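**Student:** Please find one structure pasted underneath; my questions will follow.
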Amino acid sequence: MIILNGESLTLEQLIQISRDHEKVEMDPASMELVKRASLFVKHKSESDEAIYGINTGFGHLAHVKIDKKEVNQLQENLLMSHACGVGDPLPVETVRAMMALRINALVKGYSGIRLETLHKMVEYLNDNLIPVVFEKGSLGASGDLALLSHMSLPLIGKGEVFWNGKRMSTEEALKQSGKKAIDHLRAKEGLSLINGTQSMTAIGGLVLYDAIHILKLANLALSLSMEALEGVMDAMDDRVHQLRGQKGQIMMAEDIREMLKGSQYTTSCNEKRVQDAYSLRCAPQVHGASKDAIDHIISIIEYEMNAVTDNPIVFADDDRIISAGNFHGQPLALALDYLGIALAELASISERRIERMVNPYLSNGLPPFLTKSSGLNSGFMIVQYTAASLVSENKVLAHPASVDSIPSSANQEDHVSMGSISARKSKTILDHAIKVISMEILTACQGIDYRIQRQMGKTTGKAYRYIRKHIPFIEKDEIMYPYLHQIESLVMSQEFINQVFKLEEK
């Protein structure tokens, strides 16, 4: 059980909720703050004072005063009219993360939502009744309006959900589950539910968590390639990296040295050549820069996970309701563009190492395209093509979304972040990077098999032996795509992580 209090949710806990279906509960002290803010909003909604989102229209329509009798209907109209998402539904794990993040923001007591409404969202999340949320439609300010509207519709019995593994109307799911929606929304509740950055934070958070693992895989891929190419270890010397002082670079070089500890496949300066090409020699610098970027982005994501990001913000103790701009996704948009670039570079340098292993002019004695009877056999030739294709697509995707903006709501909302696009792009780049790095690992194992058998490194040996239990040396041309799919699945599996990485850390 994870307690949500709006202050201490971590990335690891978000993964437990979204992927492992860990249940959540609201902190009792926080619930008191929610009650206080809700009573304050109720009081304000009964006054004649015009307050944005409570008794006015939205966006450009903020000047339109709403009759007291229609304040509740205003909130339901908001959810229905703003549910304009298109494209494919987001994965269930992403929507679970969205729900947890929204609860965590609202439980801080600055939004004015009723406790009853939050309890209903907790109930849906814990029982895995998950809204259908379409992936596209957010400008990233005012937050993720369209996507969060889809997330919120089932609270009032509308929209669609995934229930028992099937997509269906909320009405049908409620009948099957025996649950009930809330009767109606009250003043400001609709706006409290949808005006925030939880969609881009959820997508970005899951990508970020996987990116941490990909860094480790990138180092493993490099280390295996070093063995396949009989790489020069001098470039990994700690004294070199300490002189520059870049934290990520120092850590990556240390990790690579540890993975290759005891290897008899690697060489020293002037043993076979003076130095290696950049894709080997400069790998700690490149991987390290991506690690520094990821470490920076972790802090931004975790701040946002525990932030109040809606508008207006309710300060019940100060008798104030302030309209401002915490929903603007620019901090996330910039960070997630940066994350995409960092991941694209891991894939880019990985593809260059694949090329070196299959190219007989660059592979330090390996056969052309890592196959016997080359010419009759094409071997790993098209593995490199596929990697190159993914890397080139990443170059297009790595163009930052955050530098774009387009006015909306009759130019009232005249600068937006496009942070949701940054998040989705980073997810696609991550998927491509996983594929390319997996291909490098498979290619390196093939290359190692053409060398005289020797002792492998501390970690590379474990990885090689695990992979060879599942994927054999490829003697002659075969249909390759099952192997490419299999290696990706293997290296991303928990069993691989446990056997290759976690055991060595104990």
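**Student:** Which residue out of 316, 307 is surrounded by fewer than 23 Cβ atoms within 10 Å (Cβ to Cβ) and touching a Gly at 6+ places or on another chain (Cβ under 8 Å)?
**Tutor:** 316
**Student:** Show me the strands (runs of 3 or more DSSP E) found entirely inside the range 90-171 where at least 1 residues are under 19 Å from the mean Cα position of the chain (by Cα).
**Tutor:** It comes to 134-136.
**Student:** Scanning for something of a type outside the set (Val, Ile, Thr), within 24 Å of residue 342 (Cα to Cα), surrounded by 18 or more Cβ atoms within 10 Å (Cβ to Cβ) and in contact (Cβ under 8 Å) with a residue 24 or more places away in the chain, does the range 442-465 turn up at least one residue?
**Tutor:** Yes: one or more hits.
**Student:** Separate question: Within the range 344-360, can one find any residue that is part of a loop (DSSP other than H, G, I, E, B) and modelled with pLDDT of 95 or more? Talk me through it step by step, then tell me what you get.
**Tutor:** Of all residues in the range 344-360, those part of a loop (DSSP other than H, G, I, E, B) come to 359-360.
From the residues that got through so far, the ones that are modelled with pLDDT of 95 or more too are 359-360.
The answer is yes; a qualifying residue exists.
**Student:** Looking only at the range 285-299, which residues are crowded, with 20+ Cβ neighbours inside 10 Å, under 16 Å from residue 241 (Cα atoms) and within 17 Å of the chain's Cα centre (by Cα)?
**Tutor:** 290, 291
**Student:** Still on this structure, please answer the following. Evaluate the range 365-385: report whether one residue or more is under 22 Å from residue 210 (Cα atoms) and not in a loop (DSSP other than H, G, I, E, B).
**Tutor:** no
**Student:** Of (1) part of a helix (DSSP H, G or I); (2) modelled with pLDDT of 95 or more; (3) closer than 30 Å to residue 39 by Cβ, residue 180 satisfies all except one. Which?
**Tutor:** So the condition that residue 180 fails would be (1).
**Student:** Within the range 330-346, is even one residue surrounded by 18 or more Cβ atoms within 10 Å (Cβ to Cβ) and hydroxyl-bearing (Ser, Thr, Tyr)?
**Tutor:** Within the range 330-346, one or more residues are surrounded by 18 or more Cβ atoms within 10 Å (Cβ to Cβ) and hydroxyl-bearing (Ser, Thr, Tyr).
**Student:** Continuing with the same structure: Output yes when any residue across the range 220-240 is over 20 Å from the mean Cα position of the chain (by Cα), assigned by TED's automatic domain parsing to the domain that holds residue 281, polar (S, T, N, Q) and assigned to a helix (DSSP H, G or I), and no when none is.
**Tutor:** As a first pass, look at the range 220-240 and keep what is over 20 Å from the mean Cα position of the chain (by Cα): 220-240.
Now narrow it down to the ones that are assigned by TED's automatic domain parsing to the domain that holds residue 281: 220-240.
With polar (S, T, N, Q) added as a condition, the list becomes 223, 225.
Right, trim to assigned to a helix (DSSP H, G or I) and you get 223, 225.
The answer is yes; a qualifying residue exists.
**Student:** May I ask you to list the residues in the range 1-48 that are in contact (Cβ under 8 Å) with a residue 12 or more places away in the chain and of a type in the set (Gly, Ala, Ser)?
**Tutor:** Scanning the range 1-48 gives 6, 8, 18, 29, 30, 37, 38, 45.
**Student:** Let me spell it out: the conditions are (1) over 23 Å from residue 366 (Cα atoms); (2) more than 30 Å from the chain's Cα centre (by Cα); (3) crowded, with 21+ Cβ neighbours inside 10 Å, and residue 248 meets all of them except one. Which number is the exception?
**Tutor:** Here residue 248 clears every test but (2).
**Student:** Would you mention how many residues in the range 399-415 are within 21 Å of residue 82 (Cβ to Cβ), surrounded by fewer than 14 Cβ atoms within 10 Å (Cβ to Cβ) and either touching a Pro at 6+ places or on another chain (Cβ under 9 Å) or aliphatic (A, V, I, L, M) (or both)?
**Tutor:** Summing the residues that are within 21 Å of residue 82 (Cβ to Cβ), surrounded by fewer than 14 Cβ atoms within 10 Å (Cβ to Cβ) and either touching a Pro at 6+ places or on another chain (Cβ under 9 Å) or aliphatic (A, V, I, L, M) (or both) in the range 399-415 gives 4.
**Student:** Which of the residues spanning the range 463-480 are in a helix (DSSP H, G or I) and in contact with a helix residue (DSSP H, G or I) (Cβ under 8 Å, 6 or more places away or on another chain)? Please lay out each step first, then the result.
**Tutor:** Going through the range 463-480, the residues in a helix (DSSP H, G or I) turn out to be 463-470.
Answer for the range 463-480, where residues must be in a helix (DSSP H, G or I) and in contact with a helix residue (DSSP H, G or I) (Cβ under 8 Å, 6 or more places away or on another chain): 463, 464, 466, 467, 468, 470.
**Student:** What is the residue count in the range 241-270 for residues that are in contact with a Ser or Thr (Cβ under 7 Å, 6 or more places away or on another chain), in a loop (DSSP other than H, G, I, E, B) and under 17 Å from residue 284 (Cα atoms)?
**Tutor:** The total comes to 1.
**Student:** So, residue 401, is that one part of a helix (DSSP H, G or I) and assigned by TED's automatic domain parsing to the domain that holds residue 422 or not?
**Tutor:** Values: part of a helix (DSSP H, G or I): no; assigned by TED's automatic domain parsing to the domain that holds residue 422: yes.
So residue 401 does not fit the description; no.
**Student:** Moving on. Condition first: buried (at least 17 other Cβ atoms within 10 Å of the Cβ) and touching a residue at least 12 places away in the same chain (Cβ under 8 Å). Now tell me which residues in the range 368-380 satisfy that.
**Tutor:** 369, 370, 371, 377, 379, 380
**Student:** Considering each residue of the range 303-318, count those that are out of contact with any helix residue (DSSP H, G or I) (no Cβ under 7 Å at 6 or more places or on another chain) and either basic (Lys, Arg) or part of a loop (DSSP other than H, G, I, E, B) (or both), and give that number.
**Tutor:** Filtering the range 303-318 for residues out of contact with any helix residue (DSSP H, G or I) (no Cβ under 7 Å at 6 or more places or on another chain) gives 303, 311-313, 315, 317-318.
Narrowing the set further to residues that are either basic (Lys, Arg) or part of a loop (DSSP other than H, G, I, E, B) (or both) leaves 311-312.
Going through the range 303-318 one residue at a time, the tally reaches 2.
The values are calculated or read from the model by the stated rules, or taken from the named source; none is laboratory data. In this text the structure is predicted, and so the values were computed from the model without any measurement. Here the Cβ is made from the backbone with ideal geometry for all residues, glycine too, and neighbour counts use every protein chain on show.
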